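Below you'll find the structure, written out as structure tokens, and then a few comments.
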Amino acid sequence: MQNTIQAILRATSQIILGKERQVKLSLTCLLAGGHLLIEDVPGMGKTTLANTLAQVLGLSFRRTQFTSDLLPADIIGVSIFDLNTSNFQFHAGPIFTNILLADEINRATPKTQSALLEAMEEHQVTVDGSTHLLSQPFFVIATQNPKHHIGTFALPESQLDRFLMCITLGYPDALSERALLKNQGGRANAGSIQAVCDVESLLKLQRLVNQVHVSDALLDYLQALIQHTRTQTAEGLSPRAGLGLRQCAQAWALIDGRNFVTPEDVQAVLPSVVAHRLAQESDVAKQILEQVAIP
Amino acid sequence: MNQLLNFQLLKWLLVSLAAVLATHTPNLPVWVIIASIGFGTWRFLMDKYRWPFPKIWLLLPITLLICVGIVFTFKGFFGRDASLSLLMVMCSLKLLETKNIRDYMLVIVMAYFLVGNLFLFSQTITTFGLSIPPLLLLTATLIHISYKNADKPKPIIFYLKLAGQLLLQAVPVMLILFVLFPRIPGPLWGLPQDANSGMSGLGDSLQFGNISNLTKNSAIAFRVQFKGAAPEQSQLYWRGPVLWHQEDRSWTMSSNKIGLQTESLKVFGKRIQYTMTLEPHNRLWMLMLDMPTLIPHDANLTHDYSMIAEKPIRTRLRYDATSFSSYQLGVNLGERERLLNLQINEGENPRTVQLAKSWQGLSAPDKINTALQRFRQLPFVYTLKPPILGNNPVDDFLFNTKRGFCEHYATSFVYLMRAAGVPARIITGYQGGEYNPNGSYYIVRQSDAHAWAEVWLANKGWLRIDPTAAVSPERIENGINDSLDETDELPLMARADYPWLKKAYLNWDSVNNSWNQWILGYDDKKQLDFLKKLSGKNMSLQEMLMWMIGIIALILGLTAYFLIRKQKAKLNPAQRLYAQYLKLLKRAGLTPRNGETTSDFATRASKNLPNQKTQILDIAQRYNVITYSQSPNPELLQDLAQCIKQLNIPKQS
């Protein structure tokens, strides 16, 4: 299993140069069974990362460019009257896939956003009274431009909470930039990537995440962190966020090849898990980690 | 210090000082109170509007001015009142230069001392109760100081609650100090003279108006608890000074007591045993029930059977005594005594003297009866507001005004008897008392003060005659409140109306009485008795001190032990080993930051101690596995201990 994980990381990092940490976090998020939000300015490789992950993991992949005139039916699908059978025929939308890349999610109207987010939570969609299950596993990797960019509808807190993690990619370092410019990575090479994993092994990995041991001492720490956000910051973490934090820490420990979680795992994933939920200050996660003692 | 917290702390300090000032208001001159409030307000405004601290050229004249004020008000610096005023006003002046924590502490400690000073003025329960709120506030302020670095201000209730807890936790130590701290007979240091001003009680002379003034005073003179049944109300004559000598309008004790022989005393009937608790009155009298036989060992009986103490009674005094209600006193009267008891000034009160002369033919008992008969039959009125008497007061009273109080009746009766040739004298003291069913004891107030007469008859000795009883029998049967009409001003507590108020008052007095007996009356003798009961033997001073120090040390030791154990119990074996490791690294000046994980700290530490790198990283790794993994190998713990033992960290110089 450990080999599979390492292979996934290695393969992805060949395309996404110099972003090992972000790649690892993305994989953590997927293994923990959550959806991922990538927030960054255009052109930083958000789409490439999503695309690469899908290919490496051997999963079906659909991409939807969110625009302000995108309608819920454009994502979910629509029932069309078939003249031959005199019946309504459901035409599945792009949401019926393993990995859905919702590109620039904050450019769509709130109505469309909610349709997607609802499906993310329920893992099913209901059209004209009939319910359609989504495929397993189902990940949404949404990208969004920073809020101050023109023509965006900010996601409300309740919907941000549905994303397990929010990461930013940031500019590459000098070495990776040079390699990129030499055409050694990036989207141009994405086509050459071979899948190193399949749906079965991925589901197995997800099950393994839940088996990573979380000791009482660590639960104490988690609770102290959560409590700290509730008493010392404007908005506290929800129980869902607390569960998410635990799962991410477990997934991170699994990727590191350990069968138990240590405070380092929590500290590694915490900024990505809590920052978008507490939102106001940029270094809120850092402050939390510095103020809460490890029991 | 955080500006906001600083202001918060200042507000706490000002409120506590205000509470101290409030409890002391009756003991301070008005200008001291105003000045103290002024300095406090100044300090408050200073912080609010960011005024600068006043310079020394301003503070120095103010200080001098205050000193002059104290000297001017109290005629000096010494004495309780002057010192208190000086301390109070200087404490508030100090506010104008409290900048750092040290200054705050100084003011708080001074304020604690000021609270303690309350007990120099009074030691009642009320005073004790009044001292609690300032103590609570001061302790809360003290706590506030230790929380000055907190992230944000805590709610007021937090500080008050903690202060209350601390005060309660101090109670056991307080009790032990109370019980075991060696008591020294008498006060520890002499109270200054002004401490005893304002005590009231019977004087050593009697003038018209003395007792009726005292009657308006509801202060308690003494409390009595009888062993067995109490005598009837009409028999409760509490004997005080015996007055022999008449001069103008006043009666005094015999001017020359030397050589006067002690009167003989025979007693009959039932023995009455009782315990007196006498309030301080700054004189020598110790009241006893007529007629005392057994007296406390540190008191003396005079030749005419009034009991006096060795020094003025300035603290509450408790003593056991025995009396008999039937007695024969001084059957044999010496010639000198007889003359002294017949003395009246020549040429005064001619009408009275004339009246007495007209009884020449009668026997002595008949003379007495005639005189009493006169009081009964003529329209004499018993009142607290007698008219002013003229140059011959006895004449004026007996023949004109006929309105008077016990002293009028007693003096004029004795005068009449002496003029008629019957030896007579005035006894002052108290009559009656109020029974308190809660605690079953009698309360005798200053308003129960009374004067009556004793006349000497051959073969019978001195007989008690109370002329007031002839005029107003209710005074003797029922107490003073029944014998006066509504217009007479009597203290509220001596009146019979408002029964519920009376009941509440009696309850409160019984609490007070217990407080007096058990808290204030806990002196060297009671301490020895109590400890004897506890330990079965007499305890020496050294033993008491040893026990006291021993028990307090035990309490503190146990508290410390449990506190430490509570902290240790939280640590499992791995954590204890880890604590050792942290201690070792501390030598090299390395301590984990808050929120720094074991591995991160180990990485940082190994950079600082490159030659210990493997051990440090091993320790961190093992500790992590033990703490966080599922069912770790028990051998790992020994492994961890081994690693820590191998750690070799030189002490940083």
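Only one entry of A:Thr168, A:Thr233, A:Thr229 meets the criterion of being β-branched (Val, Ile, Thr) and open to solvent by 40 Å² or more (accessible area, probe 1.4 Å), and that entry is A:Thr168.
Residue count for segment B:420-477 satisfying the condition of being outside any strand (DSSP E or B) and within 14 Å of B:Tyr382 (Cβ to Cβ): 12. Per the listing B:Trp57, B:Trp42, the residue uniquely open to solvent by 20 Å² or more (accessible area, probe 1.4 Å), at pLDDT 90 or above and under 30 Å from B:Tyr147 (Cβ atoms) is B:Trp42.
Here the condition is being closer than 26 Å to B:Leu160 by Cβ, at pLDDT 90 or above, outside the structural domain of B:Pro280 (by TED's automatic domain parsing) and not aromatic (Phe, Trp, Tyr); of B:Val89, B:Val71, B:Val20, it holds for B:Val20 alone. The set of residues in segment B:627-645 that are over 11 Å from B:Tyr578 (Cα atoms), of a type outside the set (Phe, Trp, Tyr), in a helix (DSSP H, G or I) and within 14 Å of chain A (Cβ to nearest Cβ) contains only B:Leu636. When restricted to residues that are free of Cβ contacts under 8 Å to residues at least 24 places away in the same chain, within 30 Å of B:Cys643 (Cα to Cα) and surrounded by 11 or more Cβ atoms within 10 Å (Cβ to Cβ), segment B:526-574 contains 3. Scanning segment B:193-227 for residues that are within 16 Å of B:Pro241 (Cα to Cα), open to solvent by 30 Å² or more (accessible area, probe 1.4 Å), modelled with pLDDT of 75 or more and not in a loop (DSSP other than H, G, I, E, B) gives a single hit, B:Ser205.
Against the condition within 14 Å of chain A (Cβ to nearest Cβ), assigned to a helix (DSSP H, G or I) and either more than 30 Å from B:Leu180 (Cα to Cα) or of a type in the set (Phe, Trp, Tyr) (or both), how does B:Arg593 come out, does it pass? No; evaluated as a whole, the condition is false for this residue.
A:Val269 satisfies every condition listed in (1) open to solvent by 10 Å² or more (accessible area, probe 1.4 Å); (2) touching a residue at least 60 places away in the same chain (Cβ under 8 Å); (3) within 23 Å of A:Ser158 (Cα to Cα); (4) within 14 Å of chain B (Cβ to nearest Cβ) except (1). Does any residue in segment B:254-266 that is in the same structural domain as B:Ser323 (by TED's automatic domain parsing) come within less than 6 Å, Cβ to Cβ, of a residue that is modelled with pLDDT of 65 or more and polar (S, T, N, Q) six or more places away or on a different chain, and which pairs are these? Hits for this filter: B:Lys266/B:Gln328. Of the residues making up segment A:252-265, at least one is open to solvent by less than 10 Å² (accessible area, probe 1.4 Å), away from every other protein chain (no Cβ under 13 Å) and touching a helix residue (DSSP H, G or I) at 6+ places or on another chain (Cβ under 9 Å).
For (1) among the polar types (S, T, N, Q); (2) assigned to a strand (DSSP E or B), each residue gets a yes or a no:
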{"position": "B:Thr262", "(1), (2)": "yes, no"}
{"position": "B:Val267", "(1), (2)": "no, yes"}
{"position": "B:Ile272", "(1), (2)": "no, yes"}
{"position": "B:Thr275", "(1), (2)": "yes, yes"}
{"position": "B:Thr293", "(1), (2)": "yes, yes"}
{"position": "B:His297", "(1), (2)": "no, no"}
{"position": "B:Tyr305", "(1), (2)": "no, no"}
{"position": "B:Lys311", "(1), (2)": "no, no"}
{"position": "B:Ala321", "(1), (2)": "no, yes"}
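If you check B:Ala605, B:Ala588 for being closer than 30 Å to A:Ile226 by Cα and more than 10 Å from chain A (Cβ to nearest Cβ), only one passes: B:Ala605. Screening A:Ile294 on (1) part of a loop (DSSP other than H, G, I, E, B); (2) surrounded by fewer than 22 Cβ atoms within 10 Å (Cβ to Cβ); (3) not small (Gly, Ala, Ser) shows it passes everything except condition (2). Of the residues making up segment A:214-243, those that are touching a Phe, Trp or Tyr at 6+ places or on another chain (Cβ under 9 Å) and either more than 14 Å from chain B (Cβ to nearest Cβ) or more than 18 Å from A:Leu164 (Cβ to Cβ) (or both) are A:Ser215, A:Ala217, A:Leu218.
Considering only segment A:4-93, give the strands (runs of 3 or more DSSP E) lying wholly within it that have at least 1 residues that are open to solvent by less than 30 Å² (accessible area, probe 1.4 Å) and among the aliphatic types (A, V, I, L, M).
Numbers: elements: A:35-39, A:61-65, A:77-82, A:87-92.
Hits in segment A:4-93: A:35-39.
Just to check your reading of the model, which residue among B:Gln360, B:Gln373 is assigned by TED's automatic domain parsing to the domain that holds B:Val242, surrounded by fewer than 16 Cβ atoms within 10 Å (Cβ to Cβ) and at pLDDT below 85? Explain how you work it out, then say what you get.
Working: B:Gln373 fails: at pLDDT below 85.
Only one candidate passes the filter, namely B:Gln360.
Out of the residues in segment A:164-201 that are in contact with a helix residue (DSSP H, G or I) (Cβ under 7 Å, 6 or more places away or on another chain), modelled with pLDDT of 80 or more and not in a loop (DSSP other than H, G, I, E, B), state the one that is farthest from A:Ile15 (Cα to Cα).
So the first thing to find is which residues in segment A:164-201 are in contact with a helix residue (DSSP H, G or I) (Cβ under 7 Å, 6 or more places away or on another chain), and the list is A:164-167, A:169, A:172, A:185-187, A:189-190, A:193, A:195-197, A:201.
Next, from what is left, pick out any that are modelled with pLDDT of 80 or more: A:164-167, A:169, A:172, A:195-197, A:201.
The next check asks that each one be not in a loop (DSSP other than H, G, I, E, B); those that pass are A:164-167, A:201.
Values: A:Leu164: 24, A:Met165: 21, A:Cys166: 21, A:Ile167: 18, A:Ser201: 22 Å.
The selected residue is A:Leu164.
Collect the residues in segment A:115-148 that are open to solvent by 70 Å² or more (accessible area, probe 1.4 Å) and within 15 Å of the chain's Cα centre (by Cα), keeping them in residue-number order. Hit for segment A:115-148 is A:Glu121, nothing else. Out of B:Gly390, B:Gly404, I need the residue that is at pLDDT below 85, buried (at least 18 other Cβ atoms within 10 Å of the Cβ) and touching a helix residue (DSSP H, G or I) at 6+ places or on another chain (Cβ under 7 Å). Which one? It is B:Gly404. Say whether the condition of being facing another protein chain (nearest Cβ under 9 Å), touching a residue at least 60 places away in the same chain (Cβ under 8 Å), assigned to a helix (DSSP H, G or I) and more than 30 Å from A:Asn3 (Cα to Cα) is met by at least one residue in segment A:277-288. Within segment A:277-288, one or more residues are facing another protein chain (nearest Cβ under 9 Å), touching a residue at least 60 places away in the same chain (Cβ under 8 Å), assigned to a helix (DSSP H, G or I) and more than 30 Å from A:Asn3 (Cα to Cα).
The values are calculated or read from the model by the stated rules, or taken from the named source; none is laboratory data. These numbers were taken from a predicted model, which means no experiment stands behind them. Cβ atoms come from the backbone with ideal geometry, glycine included; neighbour counts cover every protein chain shown. With ligands, DNA and RNA removed, areas are computed over all heavy atoms of the protein, side chains included. Shrake-Rupley method; radii C 1.70, N 1.55, O 1.52, S 1.80 Å.
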